[in-house]
Amino acid sequence: MAKKWLVAAKKADFNQIARDCGITPVLARLIRNRDVEGSAATGKYLYGTLRDLHDPMLLHDMDAAAVLLNEKIRTGAKIRIIGDYDADGICSSTILWRMLTFLKGNADVRLPDRVRDGYGINERLVREAAADHVDTILTCDNGIAARQPLALADSLGMSVILTDHHEIPYEDNPDGTRRYLLPPALAIVEPKLVNERTGKTWYPFTEICGAEVAYKLAQVMLDYPDISGEPGETETDRQKLLRELLGFAAIATVCDVMPLADENRIVVRYGLREVERTRNTGLRALLLANGLGGKRITCYHAGFIIGPCLNASGRIDSAQRALDLFRETDEARAASEAALCKELNESRKTMTQKGVEEAERYVSGLDLAHTKVLVIQLNDCHESIAGIVAGRIREKYTRPTFVLTRTGEGIVKGSGRSVEGYDMYGEMNRVSTLFLKFGGHKMAAGLSMEEKNVDGFRRQLNANCPLDIEEMQDVLHIDMELPMRLMDVDFVQSLSLLEPCGNGNPGPLFVTRNLLLTNTGIYGSDRNVLKFRGTDETGRSFDLVLFRKEEDAADLLSHPVHAHVVYEPGINEYRGSISLQFTIRDYRIL
């Protein structure tokens with residue numbers, strides 16, 4: 001389905017903002033397009049530092065959590081951290097374990113097995129903790145939806161401190177309000193918790209990941225060491241540790257696809273610098289295994305290289321392996337484990353491709369004109385890659401997509417990925433009686449159910465879906481119309497001020513009209529790097545590249561064509577020479 005182009009038209013006094021912030025009016029406009037309003041907010045967007053992060057004590061129960069943990073450390077009580085098996089869960093568990101052991105706490109970590117346990121804490125892990133004489137369970141990146149397991153922990157005499165960031169389960173009241181269903185815990189540190197008196201969340205920015213919640217707890221427990229400046233020889237051990245932990249919070253923020261707005265933008269900007277110079281032996285080994293040693297680390301590296309290596313361990317082996325890598329202090333052992341994590345990710349890629357091909361065969365047999373929500377059961381698909389397959393299918397067919405697989409007699413598990421405008425977690429709440437277990441948020445979710453309920457699940461989701469087929473069209477948000485001839489190297493280099501770019505803060509996109517495109521070559525082992533020469537109406541020519549398989553761009557290859565082009569500008573450096581290169585993101589042939 002063709003994408004819908006939407007060119008931003010947000011208003012502001014761009015000249016005044018440019019003068020106030022020392023930027024060009026065009027850059028001021030680009031920042032306004034990212035929902036940043038006014039000179040003060042633009043200045044924070046551009047120049048915000050770690051001192052601009054929100055106070056951790058604004059998080060609900062943060063004070064209670066810190067008091068409890070300090071008392072547990074003082075008395076030598078056994079603390080068990082229970083995280084999750086994805087990159088956010090691994091990073092948040094690492095943060096809490098490093099912090100607690102630094103403070104001489106008696107702490108260990110357990111991560112759920114993806115296949116045996118499913119998401120987050122469960123009764124098996126609770127009973128295992130009781131058998132191990134654990135005094136306190138500290139969750140991270142999970143727990144807010146775990147009422148039954150945490151009630152069991154409470155009944156077995158264990159203290160529970162919960163840190164999470166996921167959506168809070170609720171029931172609708174007759175008057176249209178919500179009744180939130182909170183698990184029993186001595187402290188619940190969760191940014192989405194609402195102050196019943198004000199009707200607003202306690203924390204001013206709710207879209208932080210589990211590792212960032214853990215990082216803020218570490219800030220408090222370590223007495224707020226100041227790391228706002230560059231590291232120096234006089235840094236304390238607490239400052240050095242908090243720098244290391246900031247790197248893990250940054251990786252998790254990118255991998256969990258949190259919006260790169262507000263304080264997330266600051267955490268990622270400064271945290272990725274700490275990743276580059278990390279003191280963590282395991283993380284350093286993982287960078288070296290992927291050829292990233294000594295390189296500038298970007299959101300791309302975090303989200304598409306580091307993160308997948310962590311996720312692969314949890315998907316097809318054990319998340320404990322990635323966690324242990326970050327706790328390793330021997331360089332040789334760390335190098336070996338990092339290499340294995342990379343190999344696991346290569347295996348995961350092969351499995352994913354097979355799953356996507358099978359899912360595409362299933363969808364090819366459907367009447368897509370009357371199917372709003374895709375519920376695909378692939379019994380030969382490893383359950384650990386169901387979410388990745390769902391994401392690929394969602395991207396291709398622009399529909400909310402669930403991929404399910406049989407995991408036991410009469411039981412299926414699966415993952416879902418959504419589209420703009422479809423609240424996946426909200427819609428699942430409407431049919432919650434069909435599930436054995438479910439959780440997630442607007443754009444992604446996980447579930448388990450009896451296999452006999454799959455057809456009913458498919459029917460009800462499609463019957464309830466509030467979107468029309470036409471509304472599921474992918475939207476390509478474009479910043480402005482700008483001919484390529486108005487670009488120069490200085491302007492394109494200034495666009496780096498928008499970084500880090502990702503979800504919620506996309507890289508800049510422009511559209512140019514009536515460009516004559518002539519193919520100049522096809523490259524890459526998969527023949528998916530297509531190069532073009534583009535000539536505008538004034539006769540100026542430009543180099544463009546399209547990353548797409550040749551069969552998916554056949555309409556551009558047979559002969560020169562005139563087209564409107566959505567593009568992203570970039571810099572090409574070759575043998576000391578710098579030139580402009582434009583990446584085609586979409587096109588419309590005239």
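What's the longest piece of the chain with no exposed GluC sites (Glu not before Pro), counting a site as exposed if DSSP puts it in a loop and it has at most 10 other beta carbons within 10 Å?
On the way: sites that count: 196, 233, 409.
Maximal segment without exposed cleavage sites: 1-195.
Heavy atoms only, probe 1.4 Å: what % of the accessible area of the chain goes to carbon and sulfur, would you let me know? That fraction is 47 percent.
Averaged over its residues, the chain has an accessible area of 45 Å² per residue, based on protein heavy atoms and a 1.4 Å probe. Relative to the current alpha-carbon distance between residue 357 and residue 493, full extension at 0.36 nm per residue lengthens the span by 45.0 nm.
So for the range 84-140, averaging the separation of alpha carbon pairs under 8 Å that are six or more residues apart and normalising by length, what relative contact order in percent results? Don't skip to the end; give the middle numbers.
On the way: 32 pairs, mean separation 22.4, N = 57.
Taking the mean separation of contacting Cα pairs over the length of the range 84-140, I get 39 percent.
Would you calculate the convex hull of the Cα atoms in the range 373-515 and tell me its volume per residue in Å³? Spell out each step's value before the answer.
Details: hull volume 20.3 nm³, N = 143.
Once divided by residue count, the hull of the range 373-515 is 142 Å³.
Rounded to the nearest 0.05, what FRET efficiency do residue 67 and residue 336 give with R0 = 56 Å and r taken as the Cβ-Cβ distance? Could you check? Before the final figure, lay out the partial values.
Values: r = 41 Å, r/R0 = 0.73.
E(calc), rounded to 0.05, equals 0.85.
Taking 7 Å steps out from each Cα toward its Cβ at residue 197 and residue 433 produces label points 3.9 nm apart.
When semi-axes √(5λ) of the Cα gyration tensor in Å is calculated for this entry, the matching label among (i) 40, 30, 24; (ii) 46, 27, 22; (iii) 40, 26, 23 is (i).
Between the listed residues 138, 174, 255, the Cα displaced farthest toward the positive end of the dipole of the chain, a dipole computed from Cβ unit charges relative to the Cα centre, is found at 255.
Using the Cβ-Cβ distance between residue 513 and residue 155 with R0 set to 51 Å, the FRET efficiency from 1/(1 + (r/R0)^6) comes to roughly 0.15.
State to the nearest 20 debye the size of the charge dipole of the chain about its Cα centre, where the only charges are +1 on K and R beta carbons and -1 on D and E beta carbons.
540
Rounded to the nearest 20, the size of the Cβ-charge dipole of the range 455-590 about its Cα centre is 360 debye, with Lys and Arg at +1 and Asp and Glu at -1. The lysines within cross-link reach of residue 200, meaning a Cα-to-Cα straight distance under 30 Å and a gap of 8 or more places when in the same chain, are 10, 11, 44, 192, 216, 437, 442.
Note on residue 58 and residue 571: their simple-model spin labels are 3.5 nm apart, each label 7 Å out from Cα toward Cβ. Averaging the sequence gap over all C-alpha pairs within less than 8 Å and six or more residues apart, then dividing by the number of residues, gives the chain a relative contact order of 11 percent. Which FRET efficiency value, to the nearest 0.05, do you get for residue 589 and residue 304 by plugging their Cβ-Cβ distance into 1/(1 + (r/R0)^6) with R0 = 30 Å? So the FRET efficiency works out to roughly 0.50. Cα-based values for the range 71-157, radius of gyration first and Dmax second, are 12.3, 37 Å. Stretched out straight at 0.36 nm per residue, the stretch from residue 261 to residue 473 would grow longer than its current Cα-Cα span by 73.8 nm.
Full-extension gain between residue 15 and residue 295, please, as 0.36 nm times their residue separation minus the C-alpha to C-alpha distance.
Values: separation 280, 0.36 × 280 = 100.80 nm, distance 3.64 nm.
Between residue 15 and residue 295, full extension yields 97.2 nm more.
The values are calculated or read from the model by the stated rules, or taken from the named source; none is laboratory data. Treat the numbers as computed from the prediction; the structure is a model and nothing was measured. Neighbour counts are summed over all protein chains in view; Cβ atoms, including those assigned to glycine, are modelled from backbone coordinates with ideal geometry. Areas reflect the complete protein model, heavy atoms only, side chains present, ligands, DNA and RNA absent. Shrake-Rupley method; radii C 1.70, N 1.55, O 1.52, S 1.80 Å.
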